[in-house]
Amino acid sequence: MAASEAAVCRMRAVRTSQRADKSSPGSTQNFIERLPAEILMKILSYLDASALFSINHVNKLFRYLANDNALWSKIYMTAFGRNKKQKPHRMDELQRKMATVEMQEPSAGYWKWAYFKAVATRDMAEWKRRLGFMDPYTGLPSQTEQVLRNLHVTWELAVCEESGREDTLELSWSRFFKTSVTVCGSREGSLPSYRQISTLQLHGVWRIGLNCPGLKKRSLMAKLDIQIQAKGGKVIGHDRLVELRLLQPGVIIGVWKGQCSVAFVMFTLHFHRLVERSLLGSPDSPYVEPIFKAPFDDIDPEYGLHGYQLHIVLHNTEYEFTSGSFSQLFCRKAHICDGLIQLTAISRTNLSQHTPLTGNITLPWRCEALQGTVENCCIMTLTLLDEFRKPFWWTSTPVTMERQSTTACYDYDGEQYRIHYQDSDGQSGSSSP
């Protein structure tokens with residue numbers, strides 16, 4: 001009896017030991033790899049596109065199996081071949097394509113990339129349709145924010161140092177407003193000294209297949225030579241921790257006071273063609289906007305420019321201070337000088353057009369561990385439409401508000417400030433009580 005019990009105990013111990021050996025990671029991997037290819041393919045056939053693409057990164061065996069054209073052609077046909085809304089001639093074209101590819105014996109992975117290309121084409125057609133809905137006040141697409149969110153568009157910053165080292169920083173913090181989005185990025189600790197940085201490159205990132213790691217398209221949006229920009233840049237504000245340096249319109253860096261290391265980088269992106277600029281460029285060259293040919297205008301040229309409209313928004317990184325639209329702006333021919341046109345949106349003498357600003361004008365900032373607020377700074381977003389309701393000039397950039405020593409409006413005894421902005425295309429100035 002005792003011998004029998006001992007035998008049973010030994011047998012159970014052996015079986016337990018065998019189960020423990022089989023449950024180890026290495027044994028499990030070998031067990032899976034020893035399965036027949038037909039069974040592995042059967043298992044993979046139950047995965048969706050994102051899971052099948054992800055398993056492609058496990059090892060060489062699964063990379064080979066996950067590129068099988070039979071799996072991906074099935075996924076392709078399920079997504080695009082049985083759409084009830086698809087027109088009959090599109091179905092015939094798809095069937096001819098399938099038959100042609102089968103006769104030519106495509107290389108491994110052909111249908112995988114055909115699927116993701118079709119997904120990108122479908123998404124592109126949808127966002128182009130949605131961008132056709134225009135806001136009557138701003139003259140910009142009314143669904144820009146929704147399109148960017150639905151496509152899971154993000155922005156990345158490539159920081160290239162003089163030593164040749166390159167680091168990629170995801171601009172993970174963003175805030176949308178009526179006509180612009182503010183994005184900001186920082187890193188635990190600090191970024192390198194701006195004197196060591198050679199270039200900054202902003203890229204829009206489009207994740208074509210959701211939950212598919214590595215499957216994303218980058219579009220160059222801006223490239224800044226820091227050594228040149230830092231010399232011409234100016235400090236627009238500061239608090240007890242950082243000073244804000246405006247490198248160019250729409251781009252500021254926060255530099256730790258008394259140091260040269262960068263605390264954060266902030267971009268303000270205007271909505272004009274933002275989706276196209278974020279998606280349709282290449283990693284090395286930005287999107288090129290098509291040239292708009294204005295319709296024929298039979299108005300007497302001596303009359304000057306007419307029918308312009310201005311939309312302005314003043315905000316910071318958290319909330320909006322004020323916004324307004326001004327229509328029927330005009331400029332007489334005599335006021336066109338040095339390639340600049342003068343358009344007056346608010347008259348200093350017409351008090352009914354004046355709107356007092358309430359609250360403190362500040363520009364909050366944040367990095368990984370700290371945050372602060374810079375006074376007398378905000379973000380100004382301008383959109384100027386021509387007589388054909390097309391964007392003529394636009395900008396979104398941090399600005400400083402300078403307190404005026406002389407009064408521009410004698411019927412108001414409070415503090416008055418002046419905002420001045422200028423770039424290569426235009427300039428604006430305003431006084432605000």
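At a glance:
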quantity: Heavy-atom SASA rank of Leu382, Leu370 (probe 1.4 Å, accessible area, largest first); calculated: Leu370, Leu382
quantity: Listed residues Met266, Met221 arranged by accessible area, highest first, probe 1.4 Å; calculated: Met221, Met266
quantity: Where the range 308-423 is the region considered: accessible area per residue in Å², 1.4 Å probe; calculated: 58 Å²
quantity: Ser282 accessible area, 1.4 Å probe, all protein chains in place, Å² to nearest 10; calculated: 40 Å²
quantity: Residue-level accessible surface for His311, protein heavy atoms, 1.4 Å, Å²; calculated: 10 Å²
quantity: Cross-link pairs beyond the 30 Å C-alpha cut-off, checked among Lys60/Lys223; Lys223/Lys390; Lys333/Lys390; calculated: Lys60/Lys223
quantity: Pairs of Cα atoms farther than 17 Å apart, the range 143-280, %; calculated: 60 percent
quantity: Residue-level accessible surface for Asp68, protein heavy atoms, 1.4 Å, Å²; calculated: 50 Å²
quantity: Amide H within-cut-off set for Ala222, under 5 Å, with H built and near neighbours excluded; calculated: Leu202
quantity: Distant-in-sequence amide H partners of Thr199 (H built 1.01 Å from N, under 5 Å); calculated: Cys160, Ile226
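The values are calculated or read from the model by the stated rules, or taken from the named source; none is laboratory data. Fair warning: this is a prediction, and the values are worked out from it, not measured in the lab. We work out accessible area using only protein heavy atoms, side chains counted, and drop any ligands, DNA or RNA first. Shrake-Rupley method; radii C 1.70, N 1.55, O 1.52, S 1.80 Å.
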